[in-house]
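Here the structure comes first, spelled out in structure tokens, and everything after it is commentary.
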Amino acid sequence: MSRSFPALDVAWGPRPDDEAVERMLAEIDDERPTAWEARADGVRIFFTSTDDRRRAAIRLTGFESGLTCTPVNVPDEEWAERSQASLDPVRVAGIVVSPPWRADDATRLASEATPPARVVLIQPSMGFGTGHHATTRLCLDLLQRRDLTGARVLDIGTGSAVLAIAAWRLGARDVDAADRDADALQSAAENIALNGAEGAVRLRLVDLDAGDDALGPPGRFDLVLANLTGATLDRFAGLLARLVSPGGALIVSGFEAHEEAGVRQAFEAVRAVPVDRAEEHGWIALRLTIPSGSTAS
């Protein structure tokens, strides 16, 4: 059965510039917009649920006079068709992320790296990451700065499972890919199968609001990946840190430079120490460690 994604067509004149769009997206950050695209008279913003879309529309109508918000449902195939013309393989150090129809090109690109890079195939879907967003690339970069051989990894908010699959390709032996969105897990399952990772990457329908019990005992994971939003990371810093074993690491992204101080403060308050950082186009990713002999609170 065909999937569709809830979106808002937000229109106002004249056509908004990038700064206006960024202000608007910041206004609805709590409603988890997943993607946006420019239109002749405004933008189309995509969401993971109709409830998120409804709340965003309420916020936006009070954000700026003259805005009109029209709900639309966009078939996933429409996004995939557009993607076939525009998505190229992307190499981030030793990982190449590619749509499946460019697998041969991805293999050639991987062979040009020294040593040869590992290929992760991701079927494009409007709602979930393909490796082409800056925050995904930043996480992939930081992921490769730590030895993952035999590691236990949790990817929270997995979406397409691109980070979970990459962690497995890099040597992790035990990977959990968790999301609160059933559609995301369907997308993740397709990609896990596409990469032959069914026996290594487990899917879990989990909401962070469910707390520690749903995610596992404290200290279960050597690495936790959380490409979420700044507000979500601030709120759940303690829970995420508790899941990491002493000496283990967190990689967090999904926030912009103006949010970095708040995210750092939230994790430092639970004894997660920043040790590495990456930035691209104003987006930030951090790698933090939980010191050996201490327990995050």
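What's the long-distance tail for segment 91-229, i.e. % of Cα pairs beyond 22 Å?
32
Starting with the fewest neighbours, write out Leu233, Leu140 ranked by other beta-carbon atoms found within 10 Å of each beta-carbon.
In order of increasing Cβ crowding within 10 Å: Leu233, Leu140.
Of all DSSP beta bridges in the chain, what percent run antiparallel (nearest 5)?
Of those bridges, close to 60 percent are antiparallel.
So what are the three principal axis dimensions of segment 233-286 from its Cα atoms, in whole Å, longest to shortest?
The Cα atoms of segment 233-286 stretch 32, 19, 13 Å along the principal axes, largest first.
How much length is gained if the chain between Asn73 and Thr149 is pulled fully straight, taking 0.36 nm per residue apart and subtracting their Cα-Cα distance, in nm to one decimal?
So the extension gain works out to 23.1 nm.
Quick one: what are the phi-derived ³J(HN,Hα) couplings along segment 278-285, Karplus 6.51/-1.76/1.60 with θ = phi - 60°, whole Hz, x for glycine and proline?
Going residue by residue, I get 9, 9, 8, 6, x, 8, 10, 10 Hz, with x marking Gly and Pro.
Under 10 Å, Cα contacts only: if you run a Gaussian network model on the chain, which one of Asp213, Asp51, Asp276 comes out with the highest mean-square fluctuation?
Taking springs between Cα atoms under 10 Å, the residue moving most is Asp213.
From the mean inverse distance of alpha carbon pairs (Kirkwood) and the Cα radius of gyration, derive Rg over Rh for the chain.
0.96
Within segment 198-297, report the GluC sites (Glu not before Pro) that DSSP leaves as loop and that have at most 14 other Cβ atoms within 10 Å.
Glu198
What are the equivalent ellipsoid semi-axes of segment 144-297, built from the alpha-carbon gyration tensor (square roots of five times its eigenvalues), in whole angstrom, biggest first?
After diagonalising the Cα gyration tensor, the semi-axes are 23, 17, 15 Å.
Using only the C-alpha atoms of segment 4-75, find the volume of their convex hull and express it per residue in Å³.
Considering the Cα atoms of segment 4-75, their hull volume per residue is 74 Å³.
Roughly speaking, what is the centre-to-centre gap between segment 142-206 and segment 16-64 when only Cα atoms are used, to the nearest Å?
28
Once the Cβ-Cβ distance between Leu205 and Ser111 is put in as r, and R0 is 41 Å, what FRET efficiency do you end up with, to the nearest 0.05?
Approximately 0.65, to the nearest 0.05.
How long are the three semi-axes of the equivalent ellipsoid of segment 168-256, in whole Å, if each is the root of 5 times an eigenvalue of the C-alpha gyration tensor, listed from largest down?
21, 16, 13
When all C-alpha to C-alpha distances in segment 200-242 are sorted into bins of 10 Å, what percent of pairs does each bin hold, rounded to whole numbers?
Percent of pairs per bin, in order: 23, 62, 15, 0.
Read-outs: derived from the displayed coordinates by stated rules, not from any lab. Bear in mind the structure is a predicted one, so any value in this text is a computation, not a measurement. Neighbour counts are summed over all protein chains in view; Cβ atoms, including those assigned to glycine, are modelled from backbone coordinates with ideal geometry.
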